[in-house]
1. Of all alpha-carbon pairs in the chain, indicate the percentage at a distance above 28 angstrom.
2. Where both partners of a DSSP beta bridge lie in the stretch 198-315, what percent of those bridges are antiparallel, to the nearest 5?
3. What fraction of the DSSP beta bridges in the chain is antiparallel, stated in percent and rounded to the nearest 5?
4. What is the chain's relative contact order, in percent, from Cα pairs under 8 angstrom and six or more apart in sequence?
5. Across the stretch 38-82, what fraction of all alpha-carbon pairs, as a whole percent, falls in each successive 10 Å bin from zero upward?
6. Using a cut-off of 18 Å between alpha-carbon atoms, which aspartates and glutamates can reach residue 188, once sequence neighbours fewer than 8 places away in the same chain are excluded?
7. When a/c reaches 1.5 or more, the comparison of a/b and b/c decides; with that in mind, is the stretch 236-284 rounded, prolate or oblate per its Cα gyration tensor?
8. Roughly what angle does helix 342-351 make with the longest principal axis of the chain, taking Cα atoms, 0 to 90 degrees, to the nearest 10?
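Any read-out appearing in this document is the output of simple, stated calculations on the displayed coordinates, not a laboratory observation. Note that this is a predicted model, so its numbers are computed, not measured. So basically every Cβ, Gly included, is an ideal-geometry build from the backbone, and we count neighbours across all protein chains shown.
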Amino acid sequence: MISNKMVEYVQSSSIIRAMFEEGKRLAAIHGAENVYDFSLGNPNAEAPKAVKDAIIEIINNESVTMVHGYMNNSGYEDVRVAIAQSINNKFGTSFNETNIVMTVGAAGGLNVILKTLLNPGDEVIVFAPYFGEYRSYVANYDGNLVVVSPNTVDFQPNLAEFKEKITSRTKAVIINSPNNPTGVVYSKDTIIKLSEILREKQSELGTDIYIISDEPYRELSYDGVEVPYLTQYYDNTIVGYSYSKSLSLPGERIGYLVIPHEVADFANMIAAANVANRILGFVNAPSLFQRVIAKCLNADVDIDIYNKNRELLYNSLIEYGYECIKPEGAFYLFVKSPIADEKEFCSVAKKYNILIVPGTSFACPGYVRMAYCVSYQTIEKALPSFKALIEEVRK
Ligand code: PLP
């Protein structure tokens, strides 16, 4: 008999699982090329050639026992040195290898830092709409998720409500910008105000409140928009980064945490994150891909691919009468459902072989998420169906 907690998790995973099954069922009937699957954030841009070159070079030239062996639970030291320097070059910070913990993607990093920080009953604040997995990650360590309701005007965080929801049990705030599911980039002004609120609350309550900046989409921003680097605004910031989207390597499970010297309880936190990586069963981030990353620090996927998709899908949907803010980052559109019940809208969309995710999965009912990390041709082919879909529900 499985645990009671797992019974709940399996039940609540059912929407995404059902969507996956539905995609397979529709593909079997209509052919995969006639199913427009906008449900998953699985990047379709190819990993840069530098990745393949690095793999080959490492396999041919580096010591086999070293490349495939265990290392410090925080990762290879030379890799952490290279990553720290690359962050310093980009953001004018002064990190070194002691500030970097290599992780099993962003998901691994978030679990490591939540394991490191949370006592049972500690509160973690998130801004709706948010990546639904945060619920499970916080519950893994018996934390309580506290949700700030969405600001559907521009999807910047609702700071007035945020301030009210901070209590003496608030241990962390998770920020995700560029955001999944809205594609919104939190502005410098937002970050400055949010940091001020946290500093005020820390001194009023006499506690430490950490920002966990979940940044798998950092590299995916458009029109030259600036994505503020949060350690420059607030001392108690931990950054979780991932190469899943920036280098299109989601299956390789590689990322890192930045734990700056300025965070409260730094020495203990670094030691604890190192142990958490081990005892959560990750032990260390994948060894080959740590070494690959160190050789690809200046490589990026061609984000023009996503930008063209964004322009085409956004402009066409607006023309057909959908309502949506134009995203400045990531590869998602968060579209207002043309009918009140967005789950109903998602089921009508299936009749047109369009798969999209209800906003309820992100704690924001009334909206749907469309992941446009698909081929340009898929979007072109899907457009008449999007048009017919809104015409049907508006009848
Ligand atoms: N955080 C957000 C906001 C995401 O959208 C995702 C993946 O889609 C993750 C974390 C997990 O990323 P990774 O594959 O690097 O674990």
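1. Percentage above 28 Å: 48.
2. Antiparallel: roughly 50 percent of the beta bridges in the stretch 198-315.
3. 50
4. Value for the chain: 23 percent.
5. Using 10 Å bins, I get a P(r) of 19, 36, 30, 13, 1 for the stretch 38-82.
6. Straight-distance partners of residue 188: 154, 196, 214, 215, 219, 223, 226, 235, 328.
7. oblate
8. The angle comes out near 60 degrees.
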